[in-house]
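Below: one structure, written as structure tokens.
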Amino acid sequence: MADIKDLSQIIASKGDKPLLFLSVKLLLPGDGELELKLRELKAKQELRKDWILFIVRDVVAFAVGILFMFAVGGYSLFTLINR
């Protein structure tokens, strides 16, 4: 059984984001509630980070791309009209 536990620790520690094992027994009854609140807080932070990255990558980059295309199109139209 000890070999299986060691193997699971080795497998869990591989990769960029290693898995975390939580201990099965908690010392205080309030620890479970604190753990739940901590997980909720981490989930909210991840969601907030995902939304910020979405806004920066998709919305801002798309708007800059559209403005760049309008600027190039306007410049080419301007040069054609001035000939």
Using θ = phi - 60° and Karplus 6.51 cos²θ - 1.76 cosθ + 1.60, couplings along region 66-82 (whole Hz; Gly, Pro as x): 5, 4, 5, 5, 5, 5, 5, x, x, 5, 5, 5, 4, 5, 5, 5, 7
For 48, 83, order by how many other beta-carbon atoms lie within 10 Å, fewest first: 83, 48
Projected label distance in nm at residue 37 and residue 70, using a 7 Å step from Cα toward the beta-carbon: 4.8 nm
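Every number in this text was worked out from the coordinates using simple rules, so none of it is lab data. What you are looking at is a predicted structure, and each value in this text was computed from that prediction instead of being measured. Reconstructed Cβ throughout: ideal geometry from the backbone, glycine too, with neighbour counts over all protein chains shown.
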